[in-house]
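Reviewing the structure listed below.
Values quoted throughout were computed directly from the atomic coordinates according to the rules given, and no laboratory measurement underlies them. Quantities reported herein were computed from a predicted structural model and do not represent experimental measurements. For neighbour counting, all protein chains shown are included, and Cβ atoms are generated from backbone atoms with ideal geometry for every residue, glycine included.
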Amino acid sequence: MSSVLLKMEGISKGFPGVQALSKIQLELRAGETLALVGENGAGKSTLMKVLTGIYQRDEGKIIYQGNEIEVPNTKAAQDLGISMIHQELNLAQDLTVAQNIFIGREPRKGFGLFLDEKELNQKAQALFERIQVKLDPKEYVSELSVAKQQMVEIAKALSFNSKVLIMDEPTAALTDSEIDTLFEIIKKLKADGVGIVYISHRMEELKRITDRITVMRDGEYIGTVDTKETTIDNIISMMVGRQIYNTTSPIVDSGNNEVVLDVKNLNRGKKLIDINFQLKKGEILGFAGLMGAGRTEVARAIFGADPIDSGEIYINGELVNIKSPSDAVNHGIGYLSEDRKRFGLLVNMDVKSNIAIASMKDFRSSTGFTKENKVKIIAQEMVDKLKVKTPTIDQEIRLLSGGNQQKVVIGKWLTRDSDILIFDEPTRGIDVGAKGEIYKLLNQLASQGKSIIMISSELPEVIRMSHRVIVMCEGRITGELTAENTSQEAIMTYATQREEISR
Amino acid sequence: MNPELDNTEAVKKKIRLPIRSGALQQVLAFASLIVLILFFSLASPNFFQFSNIVGILLSTSVIGILALGVTFVIITGGIDLSVGTAMTLCSVMTGVFITFWGFPTPLGVVLGILFGAFAGFLSGLAVAKMKIPPFIATLAVMMIAKGLALVISGTKPIYFSDTPEFSQIALGTIIPGLAIPNAVWIFLIMAIFGYIVLSKTVIGRYTFALGSNEEATRLSGVNVNRWKIIIYSIAGLFTGVAGVLMASRLNSAQPALGLGYELEAIAAVVIGGTSLSGGKGTMIGTVIGALIMSVLTNGLRILSVPQEWQTVVVGIVIILAVYADILRRQKA
């Protein structure tokens, strides 16, 4: 058994009014990958922020390489060799790869007055060779895919000679092949004796890449298990503290329902090429494909968020002209973005304002005043109906968990009485327990006659939820599958069908 | 050990403590205002006199009304640099309508105010439709307004000598026997108007929504361009009122005046706790902010502090006010 690299004991951290962590322990060995799991709000991030000096603990000890340490700030953590790769990448888009990695530590020449770009690029190149990643030091970060940017972050972390590397949901934005590459890098790092704390919601990954799993719930330490000796079901029940119910409800047949949305020959530059599809009443239509296949672009084009070059959209058989999101909303379309914080939520505003924002017309008196009481009543109804966990409807939305934020966004569109709902990655960043509730909600909505487009990168999710699945690759629709003949293999075949093969 | 908390329980606990952040901020600003008043009252017997207090209120009125308008724009996450010179242009236009063209005073006043709304409308158009960043768009409008004010007036003041009732708008006393000039009441009315629009109407809701997350607001189906133009126009309406008031107080439209007023207005908004990054702010805060600035200048003058030093002190107060706000936010 390898040596213990880092030990956190009895860590507690309180914020005014809430105990975020109470007596947490964590042990990381050299050369292992330790998964840290728990529902959103379990305290994983807080614990890692304590470790990296962003927060200060109220009590407890951190023992690192045999010595008790203090971590007053992130600089101190870096100096000790503790680095974290955050979920949101923190790179300067207009600087090159090498400039990003050595930011603040640039090699100088000429009595320290000038930057030594050559040395900088050489140092970066040497670093890439050491960890065996393929990156060009001189390339601009804005030109890189998310996966490549993540590798830059990893390289940056390792350039501090990190012994402890914390990864927060590193695969959230990666495709399967990119995940494979990431896992290769992780294996190499392990062989070099680096200890990795791996935070993820994706259960199947834990089995592949981690050695041990530490589970947290509601700010408390639940337990640590060897990955080999446990089951995913066991981990999930540790996380949620209950057995999760089977959420698959029988799919209602919608095959003969009328078409509510008919998209014909939609084109937008190279992003969308000849998009044709129909959506029926009460149907859940899955959109599958790899990252960058153009699924989000389809959604944004239909919703009027991006301009289109050509194409026709029919709603209930009528040709409509959608030039802006407000046109789309008036035609009964609602869009739930994959990036809730940027595109879905009014982060500083309260739950009721977020529910009402798309429907202010209904909450406006003839003189322009808001009908505050009506807003309150409707918002409360939505909160009850969707079982949003919030103390009151006056709570600021940013204080809710991901799953509950998502429910509020759903509530916004239900309040607007939208008939066509486009869900873009509806369960991204949402914990397992809440995922089940979102699925249940989607099924309910469909059986009530709402029509749903569901874009998702999680194949099991697409397969389980959809009546039909449309698969895209490089801006084109490459296949359509009905519920009976959908399988992960079939989807992947279409999803990788590049132009040369299909034509 | 900690008792096991149900998830909802934990959430419930979380919210109980933070008093609505806006409210706390107002309390803080209000407390500073009281402290300042107490300090100057103790330092000089001349400060807390009825006539001096009325003087402070009178000198707050124009800047205060400008600040109320700018508050809307700042909450959307924008900025309006044009209000100072646009105010002057409104003064000049009011002079043109009443003195040059001989319009009846009430009509001239209404047109002068609407002219302000029109200037705001143009800024809004540049920001919303042409996608020019608010700083640049309103900087341009500031220069255009400054130039036009000089061109239209022929660089000379326009006097309201034929219409003695015009000066009564600002300086008359509507309540007989109470020596409080109308300008003060107009400030109060505009503050209440601003408060109502910001907190009770759909416009106010969209003002906060735009500042909180413009893209999410757009994707909620809100016609953000239209509302932005409306909000800038409302800010312009306040500018128009300030312009008429300024002209009335001086009984003349002074075309060279006005530059720098926009910065004082922005300072008042910021001292009042409105965040320059948008999404947060109150009208009451702005009123208090404007009062703090006037009390400071007035008090320092009474204590015979030279004018150049007064400016230095106001600058320091701005830093302290914003820093206190930042400190408080970090704790929360």
| said: Show me, for segment A:355-364, the HN-Hα J-couplings you get by feeding each phi into the Karplus relation (A = 6.51, B = -1.76, C = 1.60, θ = phi - 60°), rounded to Hz, glycine and proline as x. | reply: 6, 8, 4, 7, 10, 4, 4, 6, 10, 10
| query | By the gyration tensor of its Cα atoms, with a ≥ b ≥ c the square roots of the eigenvalues, what is the shape of chain B: rounded for a/c under 1.5, prolate for a/b over b/c, or oblate? | reply | oblate
| request: Evaluate the charge dipole of segment A:338-418 about its Cα centre and quote only its size in Debye, nearest 20, assuming +1 on the Cβ of each Lys and Arg and -1 on the Cβ of each Asp and Glu. | output: 80
| field | Local electrostatic count at residue B:81 - Lys and Arg +1, Asp and Glu -1, tallied over other residues with Cβ under 14 Å | value | -2
| field | Label zone at residue A:316 (point 7 Å along Cα-to-Cβ), backbone N below 13 Å, segment A:409-435 | value | A:418-420
| Points 7 angstrom from Cα along the Cβ direction at residue A:59 and residue B:100: gap in nanometres? | 7.8
| request: Would you mind checking the pairs A:7/A:163; A:352/B:280; A:374/A:440; A:44/A:75; A:341/A:361 and listing those with alpha carbons more than 19 angstrom apart? | output: A:374/A:440; A:44/A:75; A:341/A:361
| How big is the charge dipole of chain A about its Cα centre, in debye rounded to the nearest 20, if each Lys and Arg gets +1 on its Cβ and each Asp and Glu gets -1 on its Cβ? | 800
| Separation in nanometres of the label points that stand 7 Å from Cα toward Cβ, at residue B:155 and residue B:277 | 4.6
| note | Among A:390, A:31, A:336, the residue whose Cα sits farthest towards the positive end of the charge dipole of chain A, when +1 is placed on the Cβ of each Lys and Arg and -1 on the Cβ of each Asp and Glu, is A:390
| task | Using amide H atoms built 1.01 Å from N in the peptide plane, name the residues 5+ places from residue A:371, or on other chains, whose amide H lies under 5 Å from its own. | result | A:364, A:365
| For the protein assembly as shown, rounded, prolate or oblate, judged on the Cα gyration tensor with a ≥ b ≥ c (square roots of eigenvalues), a/c < 1.5 rounded, else prolate if a/b > b/c? | prolate
| What's the extension gain from residue A:103 to residue A:136 if we count 0.36 nm per residue and subtract their Cα-Cα distance? | 10.2 nm
| field | Under 5 Å, built H, 5+ apart or other chain: amide partners of residue A:197 | value | A:34, A:165, A:166, A:167
| query | When the chain is fully extended, how far beyond the present Cα-Cα distance does residue B:49 get from residue B:173, taking 0.36 nm per residue of separation? | reply | 42.8 nm
| According to the square roots a ≥ b ≥ c of the eigenvalues of the Cα gyration tensor, what is the shape class of segment A:322-436, taking rounded for a/c under 1.5, prolate for a/b larger than b/c otherwise, and oblate for the remainder? | oblate
| request: Quote the FRET efficiency, to the nearest 0.05, computed for residue A:448 versus residue A:394 with a Förster distance R0 of 51 Å and r equal to the Cβ-Cβ distance. | output: 0.95
| remark: For segment A:322-379, listing trypsin sites (Lys or Arg not before Pro) in a DSSP loop whose Cβ sees at most 13 other Cβ atoms within 10 Å gives A:323
| Can you list the residues, at least 5 places off or on another chain, whose amide H is less than 5 Å from the amide H of residue A:468, using H built in the peptide plane? | A:284, A:286
| query | Residue by residue through segment A:23-32, which ³J(HN,Hα) values in whole Hz follow from phi under the Karplus form 6.51 cos²θ - 1.76 cosθ + 1.60 (θ = phi - 60°), with glycine and proline marked x? | reply | 6, 8, 10, 7, 10, 10, 9, 5, x, 10
| message | Need the list of aspartates and glutamates near residue A:190 for cross-linking: C-alpha distance under 19 angstrom, and skip anything on the same chain fewer than eight residues off. | response | A:27, A:32, A:129, A:153, A:168, A:169, A:178, A:180, A:205, A:211, A:226
| said: Just to be sure I understand the rule: take each whole DSSP H helix in chain B, project its Cα atoms onto its long axis, keep it if the span is 27 Å or more and its mean Kyte-Doolittle hydropathy is at least 0.5. Which ones pass? | reply: B:21-43, B:50-75, B:105-128, B:134-153, B:224-250, B:283-302, B:307-331
| Residue farthest toward the positive end of the dipole of the protein assembly as shown, with Cβ of Lys/Arg at +1 and Asp/Glu at -1: which of B:232, B:59, B:206? | B:59
| said: Starting from 0.36 nm per residue, how many nanometres of slack lie between residue A:126 and residue A:371 once their C-alpha separation is accounted for? | reply: 81.8 nm
| remark: For segment A:89-135, listing chymotrypsin sites (Phe, Trp or Tyr not before Pro) in a DSSP loop whose Cβ sees at most 14 other Cβ atoms within 10 Å gives A:111
| request: Set the Förster distance to 45 Å, then compute FRET efficiency between residue A:184 and residue B:312 from the Cβ-Cβ distance, nearest 0.05. | output: 0.15
| task | Would you calculate, for the protein assembly as shown, the mean residue ellipticity at 222 nm contributed by helices, counting each DSSP H stretch of 4 or more residues as -39,500 (n - 2.57) and dividing by all residues, to the nearest 500? | result | -15500 deg cm²/dmol
| field | Computed label-point distance, nm, for sites residue A:23 and residue B:327 using a 7 Å Cα→Cβ extension | value | 3.7
| Within straight cross-link reach of residue A:118, meaning Cα distance under 15 Å, which aspartates and glutamates are found once same-chain residues fewer than 8 apart are removed? | A:106, A:136, A:139
| message | Below 8 Å between Cα atoms, with a sequence gap of 6+, how large is the relative contact order for segment A:338-418 in percent? | response | 43
| note | Per the 1/(1 + (r/R0)^6) rule, R0 = 60 Å and r from the Cβ atoms of residue B:304 and residue A:75, FRET efficiency to 0.05 is 0.75
| task | Could you grab the relative contact order for chain A? Cα pairs under 8 Å, six or more apart, rounded to a whole percent. | result | 15
| query | Using alpha-carbon pairs under 8 Å, 6+ residues apart, how would you state the relative contact order of chain B in percent? | reply | 33
| Straight-distance crosslink candidates among lysines, where the alpha carbon sits under 17 Å from residue A:281 and sequence neighbours closer than 8 are dropped | A:450
